[in-house]
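In what follows, a structure is listed as structure tokens, so that the remarks can point back to it.
The values are calculated or read from the model by the stated rules, or taken from the named source; none is laboratory data. This structure is a prediction, so every number in the text was calculated from the model and none was measured. All Cβ positions, even for glycine, are placed from backbone atoms using ideal geometry, and neighbour counts span all protein chains on display.
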Amino acid sequence: MIHRANQIALFFAGYPHEEAVAGVTDHLKKFWERRMRDQIVAYVAQGGKGLHELALEAVKRLQ
Amino acid sequence: MALIQETDHGETDYGTPARIAETLVTIEIDGKPVTVARGTSVMRAAVEAGVQVPKLCATDNMEAFGSCRLCLVEIEGRRGTPASCTTLAEPGMKVRTQSPKIAKLRRGVMELYISDHPLDCLTCAANGDCELQDMAGVVGLREVRYGYEGQNHLKAEKDQSNPYFTFDASKCIVCSRCVRACDEVQGTFALTIQGRGFESKVASGPTNFLDSECVSCGACVQACPTATLMEKSVIDNGLPEHSVITTCAYCGVGCSFKAELQGNQVVRMTPHKDGKANHGHSCVKGRFAWGYATHKDRITKPMIRARITDPWREVTWEEAITYAAGEFKRIQAKYGRDSIGGITSSRCTNEETYLVQKMIRAAFGNNNVDTCARVCHSPTGYGLKSTFGTSAGTQDFDSVDETDVIMVIGANPTDAHPVFASHMKKRLREGARLIVVDPRRIDLVRSAHVQADYHLPLLPGSNVAVINAMAHVIVTEGLVDEQFVRERCEPEDFELWRKFIAEERNSPEATESISGVPAADLRAAARLFATGGNAAIYYGLGVTEHSQGSTMVMGMANLAMVTGNIGRRGVGVNPLRGQNNVQGACDMGSFPHEFSGYRHVSDDAARLLFEEAWHVPLQNEPGLRISNMLDAACEGTFKGIYIEGEDIVQSDPNTQHVTAGMTAMECVVVQDLFLNETASYAHVFFPGSSFLEKDGTFTNAERRISRVRKAIPPMAGLADWEITMRFSAALGYPMPYRHPSEIMDEIARLTPTFAGVTYEKIDQLGSIQWPCNAQAPEGTPVMHIGGFVRGKGRFLLTRFVPTEERTTGKFPLILTTGRILTQYNVGAQTARTENNVWHAEDLLEIHPFDAENRGIREGDRVSLTSRAGQTTLHAHISERMQPGVVYTTFHHGFTGANVVTTEFEDWATGCPEYKVTAVEVTLARRMSEWQEHYLETRKQTTQILTEAAGD
């Protein structure tokens, strides 16, 4: 799961920060099923170790 | 060989090919004026005027040859009797097709032929379907004055080596049609005329047909005017008496075929001349490998069992459906609404796939529906939608006729899309240039009369680096089509991208160490692409089945836009969709995140449309993809699945994970023709129907919607769409359709790109390429003309991110996977036909250098190991691999190729990274543990208890 989120972040990392975070958030909303999103939200709530900073920020915006 | 006299479905043989020309020429045939394009032969003009000049060596899918001397005519003002096939119509010509002199000459020619031909017409397999017979009748042959005692070829031996057709040399009239078919139509050049004069004979090289370069496409059989090249099925059964036009169920070319029958038995499948995708050509699979439909393994009765270790129990449809529905309801009550889902496949028609996703959305109440595209071209959908606005290829196949530079990336069309590859090779022989980007030296790089200008043998995993480097060359060397970009693309995105791509790290020199591609070659290839004229990209799973699959698709789209190669014939971005209806499955919204027509489930307007039509509220959140379903199953939150025609246990990566997920579920329903690998984990088996047994439509790689027509009744009594309807009804959501055309009508009502599609229109036009609506009432061959579907094209940043799958000391080689010509995907169909004579097992292809270092010789059993698992197979030493890269196929269950592939996927769509797995290969003395376990399990899980007679 962390790996998947980081891969998404790496794609958007080339863009300006705000656009990148929005891109990752949008992707998670569009393609990740509820259970998967719940899992990563819970993971971030516990610190989100190992997550790319863009992924971390994007997941925080998911709530 | 136009046998069946029915409404002309393109059956007339015009003798020589059609010409397209602006200048027209008017001539007279027997006093009748006829106007034709300049370059047309007199023979063809005569047919247009309603006169069939007798012929034997001429046929209209090949250039004129002029050898049989039967088609002689008289032309006013010219001496002698020229052959009408090789004579071009010229203004003012007056042609006489019949006269006493011509009649005498023709009879003389026939006399010569018949003096050296067996006279067993009545017992010959071609009786009633023989052009020699026809011509003897037409010219009025009454006697053969030479007698039959002279030297002849009547004792010539038959070559019966090919499993599907026989070459009976005694009946050959050396018209050379077979040789020319193999040259011009197929492009394999396997046949020749050996010897001269009386010694002339057709030869498949120095060997028989089977051992020759013949790829068994059947073009020669189709072309042969006599019984010389004849299908074994016709020899055995006799000639068919009626036919049905349908579409092939194998690859994404979607060839149009005539199923020729005796009663309810298929006698042969012949390529349909009017097929817009194949123009009368075929490959070994569609042409000959259709016997699986009546194979003894075919399951025709529904079956259920409580545990997967129990033997199957045959039951009635009622019992099986009630049981499955009961289980699914129980599971949802216990584990929640999202605990069940379904998977469709491209084996099913558009209508059937639409029904499954409708049932899942409306009856299951969730969006847990996915399809086979997940593991092949889902990145195409994502990448092209993001850049252009549509999730599909931009051209039709015929567009290649106007292409000047063909770039093939990560595809092996001569194996996987053979009929289109033949078309492409024709264009290449006319002078188009070729760039091949593939780690392997595929056949297209160098084969008969075809040679790539550049072969860029990149290392697996470096696609994006290579495409970026090509774009870098174009941008930094001033080769950008500035006008196109200015008019047609988003300016801000372009500027951002231009700056990025011009960075030094994207240069061919900087990426050489990553990709292994010499910088000079890459620069030259990029320049050719940008300046060689119309440039088109054709790509396959070597692009998509990577962790950067979607990124690579965007990279190719960027390249096409920056060189202005979109929006007209001869250019474009062309995904070679692997399967007969994978495009259709995607179009039908068989996705967890999209409805039909690629509208996201959160799109309120679209969802409302479906809610109103289906009378039920629908979820606006994305559901689970296949790999996520398996994850959730392992986590205990996904317990029931309905799988129609897909064999995920064999085709999906990381087999251990797949089987763990399958075992964790409580009710697995498989609808298929055979007990495949997935059925070993199933509790309910619905016997499905093959493409010969149902009505519906398939959509090929060109977005072309074609009819599938029922040729024989469904062997299990129900077509696939009827089964889904009953299942849905048992779940409390009845779907009362009387015929698939009604399903298509509903699809058209609810899907803007399909708005104008009806069965009537398909029948009328032959096929329709979507979008088909008010703006394009007859469909759309070429897309994005004048503007992109999304308005302006978007350049997207495609930074190279190396895959995390790396070679190590322990796993120093890279495994890449693919398909071959004679077997198809999981082999459900082809492994149950005679095609096994070419490929009875999957082999590991390894470069001589790597083999020698490991003491491996040709045919040795080797162990293929990755961090995911291990399997064994036999080795094949091949120089088309490069050192460091090995290759295998996944056609046979026992091979377990996917035991070795990993969980890595495309970042955007989850398409598995089949093309890059770090492995080691060593000699093995016995099969692997997994394979032993596989054999035991398979034996146990495929037992069927048949109902004892007299119960």
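Okay, residues lined up against (1) in contact with a Gly (Cβ under 7 Å, 6 or more places away or on another chain); (2) at pLDDT 95 or above; (3) within 30 Å of B:Ala392 (Cα to Cα):
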| site | (1), (2), (3) |
| --- | --- |
| B:Cys634 | yes, yes, no |
| B:Cys667 | yes, yes, no |
| B:Thr678 | no, yes, yes |
| B:Phe686 | no, yes, no |
| B:Asn700 | yes, yes, yes |
| B:Ile705 | no, yes, yes |
| B:Arg709 | no, yes, yes |
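The sole residue among B:Ala908, B:Ala875 that is touching an Asp or Glu at 6+ places or on another chain (Cβ under 9 Å), small (Gly, Ala, Ser) and surrounded by 21 or more Cβ atoms within 10 Å (Cβ to Cβ) is B:Ala875. Flag: B:Gly564 does not match the condition of being surrounded by fewer than 24 Cβ atoms within 10 Å (Cβ to Cβ) and either modelled with pLDDT under 95 or in contact with a strand residue (DSSP E or B) (Cβ under 6 Å, 6 or more places away or on another chain) (or both). Of the residues making up region A:1-39, just one is facing chain B (nearest Cβ under 10 Å) and of a type in the set (Ser, Thr, Tyr), namely A:Tyr15. In summary, helices (runs of 4 or more DSSP H) completely within region B:842-951 and bearing 1 or more residues that are more than 24 Å from the chain's Cα centre (by Cα) and either at pLDDT below 90 or not β-branched (Val, Ile, Thr) (or both) occur at B:848-853, B:929-941. Consider region B:587-605 and keep the residues that are surrounded by fewer than 24 Cβ atoms within 10 Å (Cβ to Cβ) and assigned to a loop (DSSP other than H, G, I, E, B). The one that is farthest from the other protein chains (Cβ to nearest Cβ) is B:Gly597. Just one of the listed residues (B:Arg577, B:Arg625) is of a type outside the set (S, T, N, Q), within 14 Å of chain A (Cβ to nearest Cβ) and buried (at least 20 other Cβ atoms within 10 Å of the Cβ), and it is B:Arg625.
Here B:Gln583 meets each of (1) touching a His at 6+ places or on another chain (Cβ under 7 Å); (2) in contact (Cβ under 8 Å) with a residue 40 or more places away in the chain with one exception, condition (1). Please verify whether region B:548-559 includes one or more residues that are at pLDDT 95 or above, surrounded by fewer than 24 Cβ atoms within 10 Å (Cβ to Cβ) and hydroxyl-bearing (Ser, Thr, Tyr). Among the residues of region B:548-559, not one is at pLDDT 95 or above, surrounded by fewer than 24 Cβ atoms within 10 Å (Cβ to Cβ) and hydroxyl-bearing (Ser, Thr, Tyr), which makes the answer no.
Of all the numbered requirements in (1) in contact (Cβ under 8 Å) with a residue 24 or more places away in the chain; (2) of a type in the set (A, V, I, L, M); (3) part of a helix (DSSP H, G or I), B:Ala411 misses one, and that requirement is (3).
When you check B:Thr270 against the structure, is it under 22 Å from the mean Cα position of the chain (by Cα) and farther than 17 Å from B:Ala219 by Cβ, yes or no? Taking the combined requirement at face value, the residue does not satisfy it. Output the qualifying pairs, or none if there are none: Cβ atoms under 7 angstrom, residues six or more apart or on different chains, first residue in region B:144-158 and in contact (Cβ under 8 Å) with a residue 12 or more places away in the chain, second residue part of a strand (DSSP E or B). Going by the 7 Å Cβ cut-off, the qualifying pairs are B:Lys158/B:Thr166; B:Lys158/B:Phe167; B:Lys158/B:Asp168. Looking across region B:356-370, the residues that are polar (S, T, N, Q) and either modelled with pLDDT under 95 or farther than 16 Å from B:Asp587 by Cα (or both) come down to B:Asn366, B:Asn368.
Those helices (runs of 4 or more DSSP H) of region B:457-512 in which at least 1 residues are touching a residue at least 60 places away in the same chain (Cβ under 8 Å) and within 13 Å of chain A (Cβ to nearest Cβ), considering only elements entirely within it, cover B:463-476, B:491-501.
Of the residues in region A:45-55, at least one is within 12 Å of another protein chain (Cβ to nearest Cβ), crowded, with 21+ Cβ neighbours inside 10 Å and more than 22 Å from B:Ser378 (Cα to Cα). Within region B:629-653, the set of residues being within 14 Å of another protein chain (Cβ to nearest Cβ) and crowded, with 23+ Cβ neighbours inside 10 Å comprises B:Met629, B:Leu630, B:Ala632, B:Ala633, B:Phe638, B:Lys639.
Take B:Gly584 and tell me if it is closer than 21 Å to B:Thr780 by Cβ and either touching a Phe, Trp or Tyr at 6+ places or on another chain (Cβ under 7 Å) or surrounded by fewer than 24 Cβ atoms within 10 Å (Cβ to Cβ) (or both). So B:Gly584 passes the test.
Listed by first and then second residue, the pairs with beta-carbon distance under 7 Å, at least 6 apart or on different chains, first residue in region B:364-375 and part of a loop (DSSP other than H, G, I, E, B), second among the basic types (Lys, Arg), are B:Gly365/B:Arg337; B:Asn366/B:Arg337; B:Asn367/B:Arg361. Among the residues of region B:683-705, those identified as assigned to a strand (DSSP E or B) and either out of contact with any Cys (no Cβ under 9 Å at 6 or more places or on another chain) or free of Cβ contacts under 8 Å to residues at least 24 places away in the same chain (or both) are B:Phe685, B:Phe686, B:Pro687, B:Thr697, B:Arg704. Among the residues of region B:811-828, those identified as within 22 Å of B:Thr414 (Cβ to Cβ) and in contact with a Gly (Cβ under 8 Å, 6 or more places away or on another chain) are B:Thr816, B:Gly818, B:Arg819, B:Asn825, B:Val826, B:Gly827.
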